[in-house]
Each structure stands twice: as structure tokens, then as C-alpha cells.
Amino acid sequence: MSQRGKLFTISAPSGAGKTSLARALVERNENTVMSVSHTTRAQRAGEVHGQDYYFIDQPEFLSMVDDDIFLEYAQVYGNYYGTSRIAVEQQLEQGKNVLLDIDWQGAGHVREIMPSAVSISVLPPSIEELERRLRGRGSDSEQVIQSRMRQAMDEMAHCTDSDHIILNDDFNLALADLELILAGQSDKLRPLSLDLDTLLRAPRAG
């Protein structure tokens, strides 16, 4: 019988590079998988059902809520997102390490239900760099950017709730830190080279 896998939650403000880091971590570690969430939002071009998300309608989602299917769920911009507890448990029992890409609130819910979960927060090197990355996408309106920046400040304010904080100032170094956490070698992590109070109080344009 294979050894039970470990559950990890990874949270970060939009633009911090969390998703790219998580995908790279999975690619480099064959025993690690990303949990695929259920969502009621519309499927976008290029997205694959069952790979990016499980795309379902709202009545089906709410029925799953009533049946206590989800480990955690949330409503974001009018759409629901949820993590199937059954799917996660199956992967863990198969010996897979499971990554949940969720916000700080979702991570908190997971910790309550599965206290053994390891929580990770990913931070940008500065507020200015975060805003530069968001603007560099070139696809969001000024209103959306400002909304994402407010959400980012809220997300980062809860980073100390996590078991580990990773600074994504250098992608390869941040990825190496994640691999150390995955391997249970968090004592070898880089020291956090920024002051959290300064980061969270940093002024920004706009």
C-alpha cells in the first residue's frame, strides 16, 4: 500500500506568479498533482473540461454544496468555485501530493477540515512590482487593475496565517523553495528578505 500523500494549499495575490510556480512544481515532481476545481463560470477558449476546471451550471454546483461535497468553496465575481473533498481524498490515498490553488479564506477552511494540510503564501518582491506585472498583461481595464490591487493587499495581509511564506523575487529560487517544502525540508528555506510591515504599508500610484 502506498504512503498517503500530503495536502498543500498555495495562496497569493493575482500577479505574484503563484499559478506558474505551481505548474512548474507539478511538472518537476511526478508524484504531485494540482487539484481541479469545479466552477460555474463560462469555459474560456483553450480551456479543457476536467483539466483546467470542471465546468458545471449553478444548480448542479449548489446541489453539491447541499450534499457537502466540497472541501471549500467560494463565490467570486458572481461565479462559484469549489474543491471536491472526495477527489482530493482519492488522490491522497493514492499517495499523490495534492496542491490546492486557493485564496487565504479557502486555505483557512481547508485547515479547519484537514489540519494536516500545509499552507503556503507566495508574495511579490514589492507592491510596485506586483502592479507592474498586472499592468503588463495588457488585458485588464484600469478599474479591474485597481480592484485586483485592493484584493492583493487583502490577500497579503493574511500571509502570516500560512505555515510558510515564499518570496517570488526570482522564479527559480522560489520554485526551489517550494520543492523544499514539498520534501519536508522547510528548515533549508531562504530567509525572507523583505519586511512584511513595509510591504503591506507601501504606497502606490493610483
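The values are calculated or read from the model by the stated rules, or taken from the named source; none is laboratory data. Quick caveat: nothing in here was measured; it's all calculated off a predicted structure. Cβ atoms come from the backbone with ideal geometry, glycine included; neighbour counts cover every protein chain shown.
Only helices (runs of 4 or more DSSP H) whose full extent lies in the stretch 91-206 are considered here, and the ones with at least 2 residues that are modelled with pLDDT of 90 or more and of a type in the set (Gly, Ala, Ser) are 104-113, 171-182. Filtering the stretch 98-115 to residues that are farther than 13 Å from Leu71 by Cα and more than 15 Å from the chain's Cα centre (by Cα) leaves nothing. Taking the residues in the stretch 7-29 that are crowded, with 19+ Cβ neighbours inside 10 Å and not hydrophobic (A, V, I, L, M, F, W, C) as candidates, determine which candidate is farthest from Arg132 (Cα to Cα). That would be Thr9. Residues in the stretch 30-73 that are of a type in the set (Gly, Ala, Ser) and buried (at least 16 other Cβ atoms within 10 Å of the Cβ) were compared, and the one that is farthest from Met114 (Cα to Cα) is Ser37. Ile127 meets all of the listed conditions (1) among the β-branched types (Val, Ile, Thr); (2) over 25 Å from Arg28 (Cβ atoms); (3) out of contact with any Lys or Arg (no Cβ under 6 Å at 6 or more places or on another chain) but one, namely (3).
Go through Asp177, Asp163, Asp140, Asp169 for me and flag whichever is surrounded by 13 or more Cβ atoms within 10 Å (Cβ to Cβ) and touching a Ser or Thr at 6+ places or on another chain (Cβ under 6 Å). It is Asp163. Is it the case that His49 is modelled with pLDDT of 95 or more, of a type outside the set (Asp, Glu), farther than 30 Å from Pro125 by Cβ and more than 19 Å from the chain's Cα centre (by Cα)? Answer is yes for this residue.
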